[in-house]
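Colleague: First the structure, then my questions, so here it is.
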Amino acid sequence: MGARIKKNDMVMVIAGKEKGKSGRVFMVMPESGRVLVEKLNIIKRHTRPSADTRQGGIVEKEAAIDVSNVMLVCPKCSKPSRVSFSFDGDKKVRVCKNCKDTIDKA
């Protein structure tokens with residue numbers, strides 16, 4: 001998977017029921033190749049009362065989306081784009097394939 005998508009990146013969903021929607025990544029799970037995106041892929045979870053949740057009931061939360069189904073939105077050109085890598089000095093940075101500009105702040 002590499003580090004093509006990181007926490008706090010803006011991504012657009014390119015496949016599935018949420019196709020065309022975009023949001024901010026708030027969790028990356030590299031071992032399973034999935035990401036959690038704010039307010040996208042909402043599921044309903046039926047929970048029992050416990051020490052953590054005093055009130056049981058139906059809880060809505062985000063489900064993981066496969067990283068292959070999201071595309072990074074470039075902060076410069078505001079378009080979904082593929083990502084390549086290059087070296088800025090001794091630091092590896094992500095580069096937008098559309099506008100050829102670096103995505104990571106130097």
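Colleague: In this model, which of Lys17/Lys92; Lys21/Lys97; Lys61/Lys92 are farther than 23 Å apart at the alpha-carbon? All intermediate terms of the calculation are to be shown ahead of the outcome.
Modeller: Working: Lys17/Lys92 34 Å; Lys21/Lys97 21 Å; Lys61/Lys92 34 Å.
Pairs exceeding 23 Å: Lys17/Lys92; Lys61/Lys92.
Colleague: Still on this structure, please answer the following. Within 12 Å, Cβ to Cβ, of Pro30, how many net charges do the neighbouring residues add up to if Lys/Arg are +1 and Asp/Glu are -1?
Modeller: Numbers: positive: Arg4, Lys6, Lys7, Arg34; negative: Glu31.
Neighbourhood net charge equals +3.
Colleague: Find the percent of Cα-Cα distances in the chain that exceed 20 Å, and round it to a whole number.
Modeller: Result: 47 percent of Cα pairs exceed 20 Å.
Colleague: Let me ask something additional. Express the relative contact order of the chain as a whole percentage, based on alpha carbon pairs under 8 Å and six or more residues apart in sequence.
Modeller: Result for the chain is 21 percent.
Colleague: Sticking with this structure for a sec: Output wanted: per-residue J couplings in Hz (rounded whole) for the range 12-26, from phi through Karplus 6.51 cos²θ - 1.76 cosθ + 1.60, θ = phi - 60°, x for Gly and Pro.
Modeller: Taking θ as phi minus 60°, the curve returns 10, 7, 10, 8, x, 5, 9, 4, x, 8, 10, x, 9, 6, 10 Hz for the range 12-26.
Colleague: Using the Karplus curve 6.51 cos²θ - 1.76 cosθ + 1.60 with θ = phi - 60°, work out ³J(HN,Hα) for each residue of the range 38-45 in order, rounded to whole Hz, and write x for Gly and Pro.
Modeller: Couplings: 4, 6, 10, 6, 6, 10, 10, 10 Hz.
Laboratory data are not the source of any read-out in this text; all were calculated from the coordinates shown. Every value quoted in this text rests on a predicted model; they were computed, and no experiment measured them. We place every Cβ from the backbone using ideal geometry, glycine too, and count neighbours over all the protein chains shown.
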